[in-house]
């Protein structure tokens, strides 16, 4: 089953909410990641985000991420 990402726009990290799906470049994992936010822990100037395939990813509240929607294509039978 193929998946397509639909970019909905950019959002500053300090405005993110649980349940949103985001795309960002992770310094920890050294690659681009797509994650649906399941848990957020707010610290002084960063947010620790968990969800999907990665847990405890730290982002600066001043960073920007892409809000995305994941569209799954059905295969022909």
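The values are calculated or read from the model by the stated rules, or taken from the named source; none is laboratory data. Everything numeric here is computed off the predicted structure, so don't read it as measured data. Glycine also receives a Cβ, built like all others from the backbone with ideal geometry; neighbour counts cover every protein chain displayed.
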Of these, 9, 19, which one is part of a loop (DSSP other than H, G, I, E, B), modelled with pLDDT of 90 or more and either on the phi > 0 side of the Ramachandran plot or surrounded by 13 or more Cβ atoms within 10 Å (Cβ to Cβ) (or both)?
19
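Starting from residues that are exposed (fewer than 14 other Cβ atoms within 10 Å of the Cβ) and assigned to a strand (DSSP E or B), keep the ones in segment 65-77 and report whichever is modelled with the lowest pLDDT. Before the answer, list the steps.
Let us first name the residues in segment 65-77 that are exposed (fewer than 14 other Cβ atoms within 10 Å of the Cβ), namely 69-77.
From what is left, the residues that are assigned to a strand (DSSP E or B) are 69-72.
Values: 69: 92, 70: 85, 71: 84, 72: 78.
Applying the filter and picking the extreme gives 72.
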Just to be sure before I move on: is residue 55 over 12 Å from the mean Cα position of the chain (by Cα), in a strand (DSSP E or B) and at pLDDT below 95 in the structure I sent?
no
Counted residues in segment 41-57 being surrounded by 10 or more Cβ atoms within 10 Å (Cβ to Cβ) and closer than 16 Å to residue 26 by Cα come to 11
Pull up segment 27-47, narrow it to residues that are in a strand (DSSP E or B) and under 10 Å from the mean Cα position of the chain (by Cα), then point me to the one that is farthest from residue 71 (Cα to Cα).
32
